[in-house]
Each structure stands twice: as structure tokens, then as C-alpha cells.
1. Ala119 - would you say it is open to solvent by 20 Å² or more (accessible area, probe 1.4 Å), of a type in the set (A, V, I, L, M, F, W, C) and out of contact with any strand residue (DSSP E or B) (no Cβ under 6 Å at 6 or more places or on another chain)?
2. Do you know which residues across the range 91-118 are over 16 Å from Asp145 (Cβ atoms), of a type outside the set (S, T, N, Q) and part of a helix (DSSP H, G or I)?
3. Before we move on, is Ala61 at pLDDT 85 or above and hydrophobic (A, V, I, L, M, F, W, C)?
4. For the subset of the range 151-187 comprising residues that are modelled with pLDDT of 90 or more and touching a Leu at 6+ places or on another chain (Cβ under 7 Å), which member is surrounded by the most Cβ atoms within 10 Å (Cβ to Cβ)?
5. What number of residues within the range 146-164 are without any contact (Cβ under 8 Å) to a residue 24 or more places away in the chain and either hydrophobic (A, V, I, L, M, F, W, C) or in a helix (DSSP H, G or I) (or both)?
6. Scan the range 126-174 for residues that are under 16 Å from Ala80 (Cβ atoms) and of a type in the set (A, V, I, L, M, F, W, C) and report the count.
7. Could you tell me whether any residue of the range 131-140 is of a type in the set (A, V, I, L, M), touching a residue at least 12 places away in the same chain (Cβ under 8 Å) and part of a loop (DSSP other than H, G, I, E, B)?
Amino acid sequence: MNRLRGCGWVRAHSVGAAATGVLIVALSACATTVDGSGRVDPVQVSDYLATRSSAAARASADAQTAADYATCAAVTSAAASASRAYNAFVARLNSTQSFDDLARTDGAAVDALNRAGSAVTGAVTGSTSDQVRATAGGFAARSSDLARVVAGKQRDALNASSTAWERARDTALSACGPVSGGGPVGAQPSTKTPGG
């Protein structure tokens, strides 16, 4: 049975059951309007936005901390291994005073310096803080520069390049000190200079 009622058709169906009959009524949708206007509590909106902003800031800070830690771990490890290899090269050069008798310490130094530059550059991410990024980048660049000087047997450029590398290394290690929760771990400044 169909009847028009109010705002649409009403269709009634009789469905039999064992002992009782059940009547199912399907109504068509009616559009109704509600008077009034929506209002937002400005205090609740402000609290919500502050909470959301705080959570985003916390997530960003956590990502930066993790990125700085990873970059600084690469700096510390690279600085230690490159310093050992470079200091062995310097000791050999100082004792022989010749690039012709370095017992392959020059090749080991070049490899270690290039690995240091690559490892540090690869550890920097978009979340790394500006200070750590800058000092790590400086260390990586000076490592590559010093590797070229050693590989090219450029004795005249060696002292200046070595000094620039040590400064960049120590600056990066100092920047990483707070990240690691203490003073920088790893390489100490070389006390020897080539030919000195």
C-alpha cells in the first residue's frame, strides 16, 4: 500500500512471521531546515590550534635531533679514521722528507679522507640543523680538498690544506659536542705538521 504523506511517499509492506506479522515502513527523505547559525568557541579553537602547532613543532624537533645525531655520528667516526690515516702519512713524510718513499701511507690517507667526505655528506638530510649541516659540510669539503693535495703530491699546498682541514674537523666536532651529550668524541688535533 502506498500513501502520500507530508513530504514524500510512504510505502508499507506486510511481512509475515510465524506468530506475528511485522509491518516495515520505508520513508522517503525529507529536507528540513534548522533555524540558527553555527558558532565556534574562540578559546577552544585557540587551544586546538596551539595543541596542533605544538605537536608539529615537537615532531619537527625530534626529527632534527635524530638527523643531527646521525650526522654527528658520521662526523665523529670519519674524523677519527681520517685523522689516524692522515697522521700516519704525515709521520712518514716527516721521517723521509720525500713523497717517493711513503710506504703507501699517502694512498691510505687519500682513501680515508675521501671516505670521510662521502660519509659525512651522505649523512646530512633535510632535517639536519643549519649549524650541524654547515660545519659537517665544511669538514667534508676540506677532507676532499686535502685528499686532492695529498694525491697530487702538492707539498707546497700541504700545510695550508692540512690546517684548513684540521680547523674544519675541529669545528664540526665542537658543533657535534652538544648533540652527543658531551664533548666531541674522536680525533684530537694533530700536533705534527708536514715537514715540521
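The values are calculated or read from the model by the stated rules, or taken from the named source; none is laboratory data. Everything quoted here is computed from the prediction, not taken from an experiment. So basically every Cβ, Gly included, is an ideal-geometry build from the backbone, and we count neighbours across all protein chains shown. We work out accessible area using only protein heavy atoms, side chains counted, and drop any ligands, DNA or RNA first. Shrake-Rupley method; radii C 1.70, N 1.55, O 1.52, S 1.80 Å.
1. Criteria met by Ala119.
2. Ala91, Arg92, Leu93, Gly107, Ala108 - these are the residues of the range 91-118 that are over 16 Å from Asp145 (Cβ atoms), of a type outside the set (S, T, N, Q) and part of a helix (DSSP H, G or I).
3. Against the criterion (at pLDDT 85 or above and hydrophobic (A, V, I, L, M, F, W, C)), Ala61 does not qualify.
4. The selected residue is Trp165.
5. Going through the range 146-164 one residue at a time, the tally reaches 7.
6. 8
7. no
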